[in-house]
């Protein structure tokens, strides 16, 4: 976020910028108004925020949102599964599936589906990570924060930029971009990139590498300033990719050993048009976006070398958004307010295929031990539990935020009215059958009866949610800026589509004369998650020491926190449930120090203590236990050295050392399994010239072994190991 420009008054070819308590007049140049929601009152961002510039992003190898993990304190985005897996945990909040706790925009494109968060972004100009509830300005699913990414503008950058990289596991990355400026008011750019990797681990069942990937993306960006008052920006982006296999290893054997196909394919298209008009006292901005997602996941759900069951989830999703807001200032009063609307529709097919071993062990053996005199034999050794879904969600929101300056103090108050309706139309079906045998006195079998299993369930359910989301902040401006804020966060409810195969399985159990564990109403819908957030912090700026410090203490009271769990028994799915109440509290500290002109340091530490205050799943009371998957600690530190320019004939050497740490991470609600605190050190050296740079880097140079994920399927525990030591060489050119 551009933190100094807050209000613009445009008249007679001049631009007046209010920054702090000073006023500076500038001759108007090509003005890029990106529509970022910033209050027009001067000063820096009030609450906890981590800013990462383009140069630092390249140093740290940040090319996707997952690369931010631990760089911002208490921000954790583990790298496991496929690109579909984009779990984010911030300050103890987060979930593995469905709704995110953090919003994401890239060049003002607001990505609505967490499954589409993990993609590579070429030519990043800046990354802003806001922590804490951002609901007033950004709405639903931002109770943990907001990520804003900007790429290079064709009005600021000209010429050709290229990158080529080669690394461990035959990993190849390449990008090329051209930025052209037709005149002072019109520029266009096109940027593309490609990535290939063979993967880092091997499936012992077939000897193939897991994690193989081919992906690419293309971005077309237009920036137009037809007049001093009008700004038009459009970004169109398309990405595609395919991954093969997931490195899920048995916790018992340590081996990756599964028989059926695991793969993920995704094509994503998005476009955002930002139009901003600047009057004498206000700026009016419209951000319109459209998104399309087409993906398919094939999953060996048992991850064993036996034929239990598989899942194929194919989805097509379309979404449109409109955000219209104004901002302005009059004396000591500043304001920002607007209206937001969205609509999203999803067509998804998610059949689960039962195979021979699954039929024998999960159905026949389970049923026959209760009635051995009349055992059943399934008619075929393969059948499908089909599930088709048409899902839609839409909503409208009104929001407003006001700021009043009282000397060096600043008071902010905001509120948002959020109305959303979700609906699900489903069709669950199967067509199979079984034969009941009779064991005769001599031990032989005789056919007793044949029972067809023909289920074709249709239904429609919908829910409407209305939330009022307030926020209040008091802060002081200057080199020392303390602040206190209170806000309410909100994460939308939804439907457990992955559990429909289990609902069908329960129906089949009922047909076989066995009791059902749960019903549709008990397991499919889940409620919204809400939080009350309290934050006390400060920003210090010490220009003489070239030091910047940021600190925050937070307390979060969360109701109905959404947790991803595996239901009891030999189930095939996973589901979202609501814990009654959780509490999260902790601290964050960031420091940036420019020690000399050639040497700078950066560090970030986050501590979170997130526990259940009320959660009983009917089997166990988890009160006092830590919330799973959210790390208790995150730590990041970096030291970067760049020699005085123009040494060695214009070639400048550089060196960077950094470390990322996280843990402890509890993997279950009972806190019986965990990942201890671990650290991943990295080292890089490079040479930079005016038109090129060369960089050699090593990540996880200690080759630390750690786990990024843990889960249980039909009673078997699995983990995914983190990436091993990675070596790479990167060449960049600028012409």
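The values are calculated or read from the model by the stated rules, or taken from the named source; none is laboratory data. Remember, predicted model here, so these are calculated numbers, not experimental data. Neighbour counts are summed over all protein chains in view; Cβ atoms, including those assigned to glycine, are modelled from backbone coordinates with ideal geometry.
Within segment 526-535, is there a residue that is under 32 Å from the mean Cα position of the chain (by Cα), surrounded by 17 or more Cβ atoms within 10 Å (Cβ to Cβ) and at pLDDT 95 or above? Yes, because at least one residue in segment 526-535 is under 32 Å from the mean Cα position of the chain (by Cα), surrounded by 17 or more Cβ atoms within 10 Å (Cβ to Cβ) and at pLDDT 95 or above.
Based on what the data block shows, is residue 643 surrounded by fewer than 19 Cβ atoms within 10 Å (Cβ to Cβ) and at pLDDT 95 or above? Judged against the criteria, residue 643 is not a match.
Scanning segment 298-337 for residues that are touching a helix residue (DSSP H, G or I) at 6+ places or on another chain (Cβ under 7 Å) and not in a strand (DSSP E or B) gives 306, 307, 308. Number of residues in segment 190-236 that are without any contact (Cβ under 8 Å) to a residue 60 or more places away in the chain and under 13 Å from residue 153 (Cα atoms) equals 5.
Please verify whether residue 712 is farther than 30 Å from residue 180 by Cβ, modelled with pLDDT under 95 and surrounded by fewer than 18 Cβ atoms within 10 Å (Cβ to Cβ), treating the condition exactly as stated. So residue 712 passes the test. Among the residues of segment 85-105, the ones that are in a strand (DSSP E or B) and closer than 17 Å to residue 195 by Cβ come to 0 in all.
Does residue 306 count as surrounded by fewer than 22 Cβ atoms within 10 Å (Cβ to Cβ), more than 29 Å from residue 108 (Cβ to Cβ) and touching a residue at least 24 places away in the same chain (Cβ under 8 Å)?
Spelling it out, residue 306 is indeed surrounded by fewer than 22 Cβ atoms within 10 Å (Cβ to Cβ), more than 29 Å from residue 108 (Cβ to Cβ) and touching a residue at least 24 places away in the same chain (Cβ under 8 Å).
Checking residue 199 against (1) more than 19 Å from residue 214 (Cα to Cα); (2) part of a loop (DSSP other than H, G, I, E, B), which test does it fail? Every listed condition holds for residue 199 apart from (1). Taking segment 106-135 as the range and being under 18 Å from residue 576 (Cα atoms) and part of a loop (DSSP other than H, G, I, E, B) as the test, only 113 passes. Look at segment 595-622: where a residue is on the phi > 0 side of the Ramachandran plot and in a loop (DSSP other than H, G, I, E, B) and a partner is surrounded by fewer than 18 Cβ atoms within 10 Å (Cβ to Cβ) and at pLDDT below 95, sitting 6+ places away or on another chain with Cβ atoms under 9 Å, you get 618/568. Against the test of being more than 30 Å from residue 150 (Cβ to Cβ) and either free of Cβ contacts under 8 Å to residues at least 40 places away in the same chain or within 21 Å of the chain's Cα centre (by Cα) (or both), the options 272, 263 yield a single qualifying residue, 263. Residues in segment 647-660 that are surrounded by 19 or more Cβ atoms within 10 Å (Cβ to Cβ) and either over 22 Å from residue 604 (Cβ atoms) or within 21 Å of the chain's Cα centre (by Cα) (or both): 660 alone.
Please verify whether segment 234-251 includes one or more residues that are at pLDDT below 95, buried (at least 16 other Cβ atoms within 10 Å of the Cβ) and more than 29 Å from the chain's Cα centre (by Cα). So far as segment 234-251 goes, no, none of its residues is at pLDDT below 95, buried (at least 16 other Cβ atoms within 10 Å of the Cβ) and more than 29 Å from the chain's Cα centre (by Cα). In segment 354-373, what residues are under 23 Å from residue 259 (Cα atoms), assigned to a helix (DSSP H, G or I) and touching a strand residue (DSSP E or B) at 6+ places or on another chain (Cβ under 7 Å)? Passing the criteria: 358, 359, 363, 364.
Whether any residue in segment 629-640 is buried (at least 19 other Cβ atoms within 10 Å of the Cβ), more than 19 Å from residue 586 (Cβ to Cβ) and out of contact with any helix residue (DSSP H, G or I) (no Cβ under 7 Å at 6 or more places or on another chain) is what I want to check. Yes, that holds for at least one residue. Only residues that are more than 28 Å from the chain's Cα centre (by Cα) and crowded, with 19+ Cβ neighbours inside 10 Å were counted in segment 162-189, giving 3.
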